[in-house]
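Notes for the one structure printed next.
The values are calculated or read from the model by the stated rules, or taken from the named source; none is laboratory data. Quantities reported herein were computed from a predicted structural model and do not represent experimental measurements. FYI the Cβ positions are ideal-geometry reconstructions off the backbone, even for glycines, and counts take in every protein chain you see.
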Amino acid sequence: MKLRQASKALFQFDKHYPRTIIATVIFLTVAVGWKIFDLEMDPAISSSLPRDNKIVKSMEKVDSLFTGSDILIIAVESDSLFTGKTLQKLSTFQDTLESLGVISRVTSIFNQNYILPNKNGFEIEPLLIEIPSDTSAMKNLISRIKDSGVLGNLVSDDLTILCFICQINSSFEYDEFRFRKDVFSLVNNYRGPEYFFVSSLPITRATIIEYMQRDMRVFTPVAVGLCIFLLMLSFRSWVGVFLPFFVVTFSILWTFGIMGWLGMRLAFIGTLIPVTLVAIANNYGIHIISHYFEYSRSDTSSTKGQTLRKTIRKVGIPILLAGLTTVVSFLCLLSHSLPRAREMGILLSFGIFIAFILSIVVIPSVLILLPRPKYLKPNVDSSNMDIFLVGMGKFFIKYRKSVLAVLLIISSLLTFGVRDLKVDTNPDHYFPKSSALRIANTKISDAFGGSTQMSILVEGDIFDPAVLKNIEKLTKHIKKQHSIVTKSHSIADVIKKMHSSFNGGDKKLEIIPDDRELIHQYMFMYSISTDGDEFNVILDDVEEPANTQILLRLQEVQTHAIAEIVEDTEQFIKANFYDDTPMSLTGGATLMGVINHMVIRGQFISLLVSVFIILVIMSVVFKSLSGGFLATLPMIVSVSMMFGLMGYLGITLNITTSLLTCILVGVGVDYTVHFLWHLKDHINDGDSFEEAITNTFRISGKGILFNGLSVVVGFSALLFSVFVPVRIFGILVMGSIFFCLFGALATLPALTSLIKPKFLFNGKKLSR
């Protein structure tokens, strides 16, 4: 009763101060919303993890010790690669690359060293001393390439692709958009007849930001346009269109404005905020306007104030409950281990809360000031929509056992697909396979074993043979256990090569020597014979190294495979030599692997928490555990079916789809809340059960149906996204909301008519 008293008091407030309310809301919206222009994009993978995460700390340490973890890979393909003209052209291309201030070193055959055994041990000379001028010299170069070990690393096995690996200086602040522009401008100047393929995480990040901005420009107007069309179709009144649109617009302005005031950055997943709010935030307004129009049409003798008061009394509590469950569902993302997921939970909860407040405060205030739409006249004959909805309710009651049996079979079959559900958080997979980025990554992956890099930071005395042997042992284990690891590079590889060369090139002696001083001499001889820059990638100091890193190159795969490498490697390190040689995984690939586990764990925990809390809320509201169970059942079944369908179709979980359960739980339960509350209300008003069902479908069914359709239509804007996961997410949300809507309008009538739960009747005699 307290809730009904609160709704009455709210109506009185709206009735007496409508202009003040509207003016205050507009003023506050302008004050909050102008900070939107201060928002910045943040596509970084590392920002998805907590700052105190050990992987993030290791990456920060690597960036401070070495030249950085970001690399730029440029592959050049040509059928006439090894000709004097082509090599001269590519040599000039490398010189130009090195002139880019952000690049600290470029590795290719043009500056690669060649360890040559001699009578004094070995000497180090450039792999390519000069561009060959005749066939004999070219054959000699190819022979040196094959002998040097760069085949499959800097040159493809079929000698048609040459690779430039550029180390990006982490200490150099640069504009990633400018960097991308400079790189592609340079490539375009040298393109033809050779083909150039570019792959780099900074370029991927810049492209993601550009596409995020494009999606934001497309999503919102498309979603708004579709919702306006649906609202116009539903209400045939500009009042019914304008008021929900007003709520949606202001809730978006408030959400992004608060982000601006707090100095927050918009992550990739943040592009879903406006579409989500467009799809969900108008739900409360739709219910108010739908009931207001229905009561105005059925009873024209009542004054506008009386009709509006009746509307607030009937829908105020179910709207409150729907808003509460949606907010709670998104807040359950606070249990997620990923900061970006928690952030999205807070922002969407805030946006939904603002939409709810605006709906119950502003919409009644505007309706008080506006005349009733002229087309609202008494019902003489039922509309086609009323006939359809009432008929649907009667059908589900009449064939309730068959309906429930069919739903049980379908849901069970779909749920089994959960077993095949996998996770993929690789940012390269944001783009379609036909995109230039994916084509480049595929080409580089096929020719050189991948463009994804994982690294392992090693601390200790690098001249110590035991440390080097531990590095070798770990590297061998990883490459043996995981076929997607195609290449490796470490100081141990360099020492083994020098030791073999020092002993006449004997392959059997390509091992780590046991003499520490000999290792020190090898390092000294190598450093004075070269510029030493190539060691900057793997050693923190050439003369007295205390840290080194193992570089691993991986094929383009989904991140669940990378997660397996991360887990296995960490276990192997702890089990074998962690105390003797401290090691820690780092790099972008490692991040993706860690995020993989966190997505699964966060998805599972947030789902359990949200379902449990909403079950408790619904049980308290209906004063019955069976009522809570009935209110949450269609949503739970819908979640299971959707995840099962994802497993069957090979659709992977990612940070984006982490929102799916929240939307399903928060929005999906709205339909059941409205249906059960209004059904119970009609029974309390004296209707028989069959009459209550009929009146629920006739009066509330339209609001529930258009509510669900507005969500589906709103999220259909995601189908226009450039990003593959976003388009898939849109399809999943549309399908899952349809499941929830069907569950409320089909499962609940059939199930309640079958079991006649006592909480609906409040002790009244059950009408048969």
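Only residues that are closer than 27 Å to I71 by Cα, at pLDDT 85 or above and small (G, A, S) were counted across the stretch 102-143, and they come to 1.
The set of residues from the stretch 423-464 being surrounded by fewer than 18 Cβ atoms within 10 Å (Cβ to Cβ) and farther than 21 Å from S200 by Cα comprises E459, D461, D464. Of the residues making up the stretch 484-510, those that are touching a residue at least 40 places away in the same chain (Cβ under 8 Å), out of contact with any Leu (no Cβ under 8 Å at 6 or more places or on another chain) and in a loop (DSSP other than H, G, I, E, B) number 2. For the stretch 277-284, the criterion of a residue being in contact with a Pro (Cβ under 6 Å, 6 or more places away or on another chain) and buried (at least 24 other Cβ atoms within 10 Å of the Cβ) is satisfied by at least one position. Just one of the numbered conditions (1) surrounded by 19 or more Cβ atoms within 10 Å (Cβ to Cβ); (2) in a helix (DSSP H, G or I) is not true of L266: (2).
Checked against the criterion of being β-branched (V, I, T), farther than 20 Å from M734 by Cβ and at pLDDT below 80, the candidates V224, V241, V247 yield just one match: V241. Residues in the stretch 232-255: is at least one of a type in the set (V, I, T) and either assigned by TED's automatic domain parsing to the domain that holds L705 or more than 19 Å from A717 (Cα to Cα) (or both)? Yes, the stretch 232-255 contains a residue that is of a type in the set (V, I, T) and either assigned by TED's automatic domain parsing to the domain that holds L705 or more than 19 Å from A717 (Cα to Cα) (or both). The listed residues are G708, G701, and the only one of them that is surrounded by fewer than 24 Cβ atoms within 10 Å (Cβ to Cβ) and small (G, A, S) turns out to be G708.
From the list L151, L127, L141, L231, the one residue that fits, being touching a Pro at 6+ places or on another chain (Cβ under 8 Å) and either without any contact (Cβ under 8 Å) to a residue 60 or more places away in the chain or among the β-branched types (V, I, T) (or both), is L141. Would you check if L81 is part of a strand (DSSP E or B) and modelled with pLDDT of 85 or more? For L81, the condition - part of a strand (DSSP E or B) and modelled with pLDDT of 85 or more - is not met. When F643 is tested against the conditions (1) surrounded by fewer than 22 Cβ atoms within 10 Å (Cβ to Cβ); (2) in contact (Cβ under 8 Å) with a residue 12 or more places away in the chain, the lone failure is (1). Pairs linking a residue in the stretch 455-469 that is over 17 Å from H489 (Cβ atoms) to a residue that is surrounded by 19 or more Cβ atoms within 10 Å (Cβ to Cβ) and of a type in the set (S, T, Y), with Cβ atoms under 7 Å and 6 or more positions apart or on different chains, are G460/T581. Taking the stretch 204-237 as the search range and keeping residues that are assigned to a helix (DSSP H, G or I) and small (G, A, S), which one is farthest from Y292 (Cα to Cα)? The extreme case among them is A206.
Taking the conditions (1) touching an Asp or Glu at 6+ places or on another chain (Cβ under 9 Å); (2) free of Cβ contacts under 8 Å to residues at least 60 places away in the same chain in turn, K433 satisfies each one other than (1). Of I280, I252, I288, all but one fail to be among the aliphatic types (A, V, I, L, M) and more than 22 Å from the chain's Cα centre (by Cα); the exception is I288. All of P725, P757 fail the test of being in the same structural domain as F388 (by TED's automatic domain parsing) and modelled with pLDDT under 80, apart from P725.
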